[in-house]
Amino acid sequence: MRIRISLALIIITSFIVSSCSPEHSKIVIAEFGKDNLTLGEFENAYAKNVGGIETAKKDSIAKYINFLDLYVNFKMKLRDASVRGYNTDPALSAELNDYKEKVGISYLIEKQIVEPGIKKLYDQRKYEMRVSHIMIRPDSVEEKSKTLAYQILDSLKLGKNWNDMAKKYSADQYSKNKGGDIYWLTAGMIIPEFEDAFYNTEIGKVNPVPVKTRYGWHIIKVTEKRERIPQVRASHILIDFRIDSTKTDSVAARKQIEDIKNQLNNGADFAELAKKYSEDPSSKENGGDLGFIERRMMVPEFDEAAFNLKKGEVSNIVRTNFGYHLIKVTDTKPYPSFEDEKENLKKLFKKTRYDKAYADLVSNLKVKYNLKLNENTISFFAKNIDSTKVGPDYWKKSWRDQIKDAEVYSYAGKKVIVDTLFSRMEKSAENNKLVDAKMITAAANKDGENSVLAEEANNLDKSDPQFASLMDDYKNGIHIFKLQDDEVWSKVKIDSVKLLDFYTKNKDKYNWTDRVKFQEIFSRKDSLINVYYDKLTKGESFDTLATKFTERPGFKEKAGMYDLVDLTNPIATEANNLQIVGSYSKPFKNGGGWSIVKLIAKEPARTKTFEEAKAEVSGQFQESESKRLENEYIAKLKSMYKPEINYSKLEEAFKTK
C-alpha cells in the first residue's frame with residue numbers, strides 16, 4: 001500500500017501578510033535555474049507553516065535553515081511540474097475546478113454571510129433596546145394591511161398619540177394596552193428584519209417605514225437604549241401575599257417586607273434574613289440565591305428591578321404576582337470578547353439570521369448572473385405533465401425525448417437543458433414524488449440557485465486574494481502529489497525476493513519479547529471466583545469451568561484460552577509467574593473483576609521468522625524505498641537547477657526595516 005505523505009506545507013488556508021518593507025522582502029535568499037526565492041516569500045511560507053508571524057519571529061536560525069532547504073526542494077518540484085505541463089493537464093485541471101467550486105461555495109458562505117453576520121450580531125448585542133410596536137396582522141388582500149400600516153404611521157407623524165393608536169389598532173393583545181411595549185430586546189431574540197429596524201431607530205423616535213414580517217406589518221418605536229449587561233446574579237427575599245388561590249392579604253405581607261427592609265437598612269445580613277423569612281422554598285436555604293439570570297427570565301417587574309441594580313445593591317420593595325420581593329445583585333457578567341462569544345454567535349446566527357442572509361445572497365447572485373427561467377419550457381410542463389404519474393420512470397418513458405434538449409433556464413451566458421435538470425433531479429430523493437409543473441419549476445429554481453452559487457465560487461479567485469492564495473496552495477498540492485506518485489510511490493516495487501533480502505539484512509530489528517500462552521477464568525464477583533477456585537482444588541477441569549463460567553466477552557467458546565501474549569499484559573504476567581506448565585494461580589484482582597489463570601506454555605524472546613515479520617518488513621521496505629527514490633529525485637532536481645542558497649540572509653528574517 002502506498003505511503004502518502006502529508007501536504008501540510010502546501011494546503012494551508014490561513015492568509016498572512018508580511019509586515020516588512022518592500023526592499024526587505026525582495027532580498028534574494030536562493031536561486032535555482034532561472035527562478036529565485038525572496039525573503040518575503042520565505043517569511044510568508046514559514047509563517048503559514050508555524051501558525052503566524054508572532055510564532056515565526058521567536059524561532060531559531062536553525063529552524064529557518066531547515067525549512068529553507070525543504071522549501072527550495074518544494075519550489076524546484078513546482079518548477080518541474082510546470083515543465084511537465086501539469087498546468088494544462090486536463091485531469092488535474094478538472095480536480096482543481098471541482099475543488100474550487102465545492103470549497104468556493106463554503107468559503108463564499110463563510111466570508112459573505114457568516115463572518116459579517118456574526119460580527120454585526122456581536123456589535124448589536126452590546127446594547128439592549130426597549131421597544132414598542134403597533135402590529136397590523138396580514139389581510140387576505142396584502143395591500144390592505146400595508147395601506148393601514150402606512151395610514152397609522154402618517155397619523156403618528158401628524159401628532160396622534162402613540163399609546164392611543166396602539167390601543168386602537170395593534171393586533172398584539174399582549175402589548176396593545178401597554179402602549180405597545182414589548183420590553184427590552186437585544187439582537188438574536190426575535191425576527192432579524194424587526195431587530196434591524198429598531199437598531200436603526202433613534203431613541204424616542206418611530207421607524208420611518210412600517211416593517212413587514214411573517215406576522216404582519218409593524219410600526220416600531222424605540223423608547224430606551226443602553227449598554228447590555230448579559231447576566232446578573234440575584235438573590236431575593238419573597239413574602240407571599242396569597243393565602244390561597246382566591247384570597248390575599250397584601251397588608252400583612254407589606255408590613256412584613258417593610259420590617260425586613262428596615263432590618264437590612266440597619267445592617268442585617270441579606271442571606272440570613274432570606275433563610276429566616278423568605279417564602280421561596282427553592283432559594284431560601286441558599287440565602288435567597290437564584291444564580292445568574294438573563295433578561296426576560298423573570299417576570300418584568302422583578303427583571304426590571306434586578307437589571308437596574310449595581311453589584312451589592314438591594315432594591316426597594318418590588319411587587320409581582322408572586323408577592324413582595326427584596327432583590328440583591330451579588331455579581332454581574334460583563335459583555336464577553338468577540339473571540340469568547342464567537343461559537344455562541346455562530347449558533348445564534350444559524351438559528352435566527354442565516355436563512356434570510358443566504359436568501360439575500362442568492363437573490364443578488366441571480367441578478368448578477370441574470371438567472372432566468374425559460375417561460376416556454378415551463379409552459380410545456382404546465383400543459384403536458386400528468387401529476388398522477390410518479391418519479392423518474394415516467395420522465396423517461398413519456399415526453400422527455402420531446403423536450404430533453406430545450407432550455408429550462410439560463411445564467412451568465414450559459415443554458416441548462418431539461419435533460420440536465422432531470423438527471424440532477426433523479427439523484428435527489430426529495431424529487432422522486434408526484435411529477436407536476438409546480439415541482440419542476442421549484443426544482444429549476446433550486447438548481448438555478450446552485451448554479452449561480454457555483455458561478456460565483458468559480459470567479460472568486462479573481463476578486464478575493466485570500467481565496468486565490470488558497471487555490472494556489474491547493475493547485476501546488478495536487479501537482480506535488482502527482483509528482484510524488486510519478487517519481488516515488490509508483491516506482492516502489494514489492495516482491496518476495498526483495499522483501500526476504502530486506503528482512504535478512506535487518507532481521508535483528510524484528511524480535512518477539514518473552515511471551516506466554518494461558519487460560520483464564522474471569523468473574524466480576526469475588527464470591528463466584530472463590531467458588532470456581534474451590535472446584536478446581538477439588539479436581540474439576542479448568543477447561544470445563546472456563547467454558548461454563550468465564551465472563552470475559554468472546555472467551556467462553558475458547559475455554560478462556562489466550563495464544564502467546566507478551567508480558568505487557570498484566571494477566572500474562574500473572575501466568576508467567578507460574579513455574580509449572582499446567583499449574584494455576586490463586587484468584588487475583590484484575591481490573592473490573594477477578595481472575596484465575598492456568599499456564600499452558602512459555603516462549604522466551606527470539607527473532608521473528610520472515611513469515612511472522614512479513615507485514616512489518618513490507619511497511620519498512622516501502623518506507624525505505626520511498627526515501628531512496630525521494631532522495632534520488634531531489635538529487636536529479638539539484639543537478640538540473642543547481643540551487644544556490646544564501647543562508648546568511650536568514651539573519652534578516654522577520655525583522656522590519
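Mind running the shape call on segment 83-124? Use the C-alpha gyration tensor, a ≥ b ≥ c as the square roots of the eigenvalues: rounded below 1.5 for a/c, prolate if a/b tops b/c, oblate otherwise. Prolate. The length gained on full extension between A382 and K346, counted as 0.36 nm times the residue separation minus their Cα-Cα distance, comes to 8.8 nm.
Name the shape class, rounded, prolate or oblate, that the alpha-carbon gyration tensor gives for segment 432-525, where a ≥ b ≥ c are the square roots of its eigenvalues, rounded holds for a/c under 1.5, and otherwise prolate holds if a/b is larger than b/c and oblate otherwise. Judged from the Cα gyration tensor, segment 432-525 comes out oblate (a/c at least 1.5, b/c at or above a/b). Can you bin segment 515-606 into rounded, prolate or oblate? Criterion: square roots of the alpha carbon gyration tensor eigenvalues sorted a ≥ b ≥ c, rounded for a/c under 1.5, prolate for a/b above b/c, oblate for the rest. Judged from the Cα gyration tensor, segment 515-606 comes out prolate (a/c at least 1.5, a/b above b/c). Calculate, for E630 and S82, the FRET efficiency according to 1/(1 + (r/R0)^6) with r their C-beta to C-beta distance and R0 22 Å; round to the nearest 0.05. Taking R0 as 22 Å, the efficiency between E630 and S82 is 0.65. Axis angle, to the nearest 10 degrees, between helix 437-463 and the longest C-alpha principal axis of the chain: 70 degrees. Could you give log10 I(q)/I(0) at q = 0.12, 0.27 Å⁻¹ for segment 136-197, computed by the Debye formula over C-alpha point scatterers of equal weight, without solvent? The calculated log intensity ratios at q = 0.12, 0.27 Å⁻¹ are -0.35, -1.19. The phi torsions of segment 345-353, fed into the Karplus equation with coefficients 6.51, -1.76 and 1.60 and a -60° offset, translate into couplings of 4, 4, 4, 5, 5, 4, 6, 10, 10 Hz, rounded to whole numbers, with Gly and Pro shown as x.
Computed from label points 7 Å out along Cα-Cβ, the spacing between K586 and K414 is 8.0 nm. Taking Cβ atoms as reference points and 12 Å as the exclusive limit, the residues near D289 contribute a net charge of +1, counting Lys and Arg as +1 and Asp and Glu as -1. Which parts of segment 576-603 would a label at R524 reach, counting a residue when its backbone N lies under 11 Å from a point 7 Å out along Cα-to-Cβ? Those under the cut-off are 592-593. The local environment of A271, defined by Cβ-Cβ distances under 12 Å, has a net charge of 0 under the rule Lys, Arg +1 and Asp, Glu -1.
Annotation for F338 and M297: the two label points, set 7 Å from Cα along the Cα-Cβ direction, are 2.8 nm apart. Fully extending the segment from E551 to V251 would add 100.9 nm, taking 0.36 nm per residue of separation and subtracting the current Cα-Cα distance.
Along its first, second and third principal axes, ordered by size, segment 39-187 spans 79, 43, 26 Å in Cα coordinates.
Of the accessible area of the chain, with the probe set at 1.4 angstrom, what percent is carbon plus sulfur? In the chain, the share of accessible area belonging to carbon and sulfur is 49 percent. Our note on the geometry: Cα centres of segment 196-236 and segment 473-489, 56 Å apart.
Its Cα centre serving as origin, the chain has a Cβ charge dipole (Lys and Arg +1, Asp and Glu -1) of approximately 540 debye. For segment 141-194, applying the loop criterion from DSSP together with a ceiling of 14 other beta carbons within 10 Å to the chymotrypsin sites (Phe, Trp or Tyr not before Pro) yields Y174. Loop-located trypsin sites (Lys or Arg not before Pro) in segment 133-228 (DSSP state not H, G, I, E or B) with no more than 11 neighbouring Cβ atoms inside 10 Å: K205, R214.
Excluding ligands, DNA and RNA, the accessible surface per residue across the chain is 54 Å² with a 1.4 Å probe.
For the chain, the longest principal axis of the C-alpha atoms and the axis of helix 61-83 are separated by about 80°.
Put simply, the amide H of A30, placed in the peptide plane, has neighbours under 5 Å in L37, N646, leaving out anything fewer than 5 places away on its chain.
Projecting label points 7 angstrom from Cα along Cα→Cβ for M640 and N316 puts them 8.7 nm apart.
The simple Förster model, with R0 at 41 Å and r as the Cβ-Cβ distance, assigns Y215 and L264 a FRET efficiency of 0.35. Report the calculated FRET efficiency for K535 and T568 (r = Cβ-Cβ distance, R0 = 30 Å), to the nearest 0.05. The formula returns an efficiency of 0.45 here.
Taking 0.36 nm per residue of separation and subtracting the Cα-Cα distance, full extension of the segment from W162 to D35 would add 38.3 nm.
Checking every one of the GluC sites (Glu not before Pro) in segment 525-589 against DSSP loop status and a limit of 10 other Cβ atoms within 10 Å picks out E557. For the chain, the residue among P643, L578, Y562 whose Cα projects farthest onto the positive side of the dipole built from Cβ charges is Y562.
Legend: Rg and Dmax of segment 498-657, from Cα coordinates, 27.3, 90 Å. When the Cα positions of M76, Y127, N376 are compared along the charge dipole of the chain, N376 comes out farthest toward the positive end, with charges on each C-beta of Lys, Arg, Asp and Glu. Built from the Cα atoms of the chain, the convex hull projects on average onto 54.5 nm², one quarter of its surface area.
Quick one: angle between helix 465-487 and the longest Cα principal axis of the chain, in degrees between 0 and 90, rounded to 10, please. Between helix and principal axis, roughly 20 degrees.
Couplings for segment 159-168, taken from phi via the Karplus curve 6.51 cos²θ - 1.76 cosθ + 1.60 with θ = phi - 60°, read x, 4, 6, 4, 4, 5, 5, 5, 5, 7 Hz in order; Gly and Pro are left as x.
The values are calculated or read from the model by the stated rules, or taken from the named source; none is laboratory data. As the structure is a prediction and not an experimental result, all values here were calculated from the model. Please note: Cβ atoms are built from the backbone with ideal geometry, for glycine as well, and neighbour counts cover all protein chains shown. Accessible surface is based on the protein model in full, side chains and every heavy atom, while ligands, DNA and RNA are left aside. Shrake-Rupley method; radii C 1.70, N 1.55, O 1.52, S 1.80 Å.
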